[in-house]
Amino acid sequence: MFMFEHAGKPKRYGFTLIELLVVIAIIGVLVALLLPAVMQTRGSARRTLCANNLHNLGVAYQNHIGKIGRGMSAFDWRQAVLPEIENKKDFLLCPDDPRQTMYDVDDFTVYIVNNRRSIPLEPGPWCWIGDSDFCQQFADVNVTNPDAYFIGFEDLRYNTPFDGIVLVEPLAEGGAKLTHVGGHPHAYRHQLKGPTGELLADPFGKGFEWEVHGVDSSYGGNSRMGKFQTDGKKILMLEYTKPVANVVGATAVGRIGFYDNVAPRHDGMLNVLYVDGHVEATTPQAIDPTDPFIHDNKWCPKIDLQSLGMYY
């Protein structure tokens, strides 16, 4: 028997449009089904990394306390723990923190126009931490905050002490207020430039004030951390939008704005580090310091409560 093929109907090897659309639809459904699981896994990994950061900060805190034998100042806790974590600033950042870079004192620069010299406000060839007693006397200022300090800067072209002095005063909820309090200007004109080179003051002279946010950090330290003794179950640090959580005490600034500053970045949950070193994921409501019972049991040092005749 002879077999004949129809010459007018060539063989078809590709997909039809309908078949292609069906395949694309199936792939789309599979992606839609898998994407939530993938995102949940990634979110869980970021939450775990954040918790590990806080755990490392807790270890650094205990190491620092072991060296100096007393509590750590809340206003400069970031600077204090960095040497204990080999200056790894990534430990201060939650991977889910969406905020842009926050700048510190050493990101600002004094530009001496006459000599075309830029001097970063950090210890170096032309900048140093000034002697507090001398600077107070010279600038005729009285500084009572033990965490405040002076920065002196000088272009070294003349045999005089300095071109200017900047007073750095820590703010209650992190960051610092800086004030130009005086110096020997040599008839120079000074400018103050910001972290991206923007001009903030021209001339930069005595009396000029500005604020900085401080070292990048996704976490806020309890403003009373320096008073913790046998307070293992108290909150030491938490996910926060300011470097210091000023929430202890009836008139504390942070108690009023707690829900504005607390940062539940992980599906409504946030990581909290306790003095004994353990980290918990919780809700803002569970640690709300405006609740008197929670305030006293989770935030307030026992030494404060004992002074008020209260025992927890």
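The values are calculated or read from the model by the stated rules, or taken from the named source; none is laboratory data. Just so you know, these numbers come straight off a predicted model, no measurement behind them. Note: ideal-geometry Cβ built from the backbone for every residue, glycine included; neighbour counts use all protein chains shown.
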Item checked: residue 97 being under 19 Å from residue 279 (Cα atoms) and exposed (fewer than 12 other Cβ atoms within 10 Å of the Cβ) -> no
Checklist line | Selection count, the stretch 184-220, where residues are part of a loop (DSSP other than H, G, I, E, B) and on the phi < 0 side of the Ramachandran plot | finding: 19
Margin query: I'm told residue 231 meets every condition in (1) surrounded by 16 or more Cβ atoms within 10 Å (Cβ to Cβ); (2) over 22 Å from the mean Cα position of the chain (by Cα); (3) outside any loop (DSSP other than H, G, I, E, B) except one. Can you identify the failing condition by its number?
Written below: (3)
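Within the stretch 169-183, is even one residue surrounded by fewer than 13 Cβ atoms within 10 Å (Cβ to Cβ), at pLDDT below 90, part of a loop (DSSP other than H, G, I, E, B) and of a type in the set (Gly, Ala, Ser)?
If we filter the stretch 169-183 for residues that are surrounded by fewer than 13 Cβ atoms within 10 Å (Cβ to Cβ), which is where we start, we get none.
No, there is no match, as no residue in the stretch 169-183 is surrounded by fewer than 13 Cβ atoms within 10 Å (Cβ to Cβ), at pLDDT below 90, part of a loop (DSSP other than H, G, I, E, B) and of a type in the set (Gly, Ala, Ser).
Within the stretch 42-58, identify whether any single residue is among the charged types (D, E, K, R) and either exposed (fewer than 11 other Cβ atoms within 10 Å of the Cβ) or without any contact (Cβ under 8 Å) to a residue 12 or more places away in the chain (or both), and answer yes or no.
Here is the first cut: in the stretch 42-58, the residues among the charged types (D, E, K, R) are 42, 46-47.
Okay, now just the ones that are also either exposed (fewer than 11 other Cβ atoms within 10 Å of the Cβ) or without any contact (Cβ under 8 Å) to a residue 12 or more places away in the chain (or both), so 42.
Yes, that holds for at least one residue.
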Notebook entry, point to check: In this structure, is residue 250 hydrophobic (A, V, I, L, M, F, W, C) and either under 17 Å from the mean Cα position of the chain (by Cα) or surrounded by 13 or more Cβ atoms within 10 Å (Cβ to Cβ) (or both)?
Noted result: no
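Let's see how each residue does on (1) surrounded by fewer than 18 Cβ atoms within 10 Å (Cβ to Cβ); (2) touching a Leu at 6+ places or on another chain (Cβ under 6 Å); (3) modelled with pLDDT of 90 or more:
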site	(1), (2), (3)
204	no, yes, yes
244	no, no, no
258	no, no, yes
272	no, yes, yes
278	yes, no, yes
301	no, no, yes
309	yes, no, no
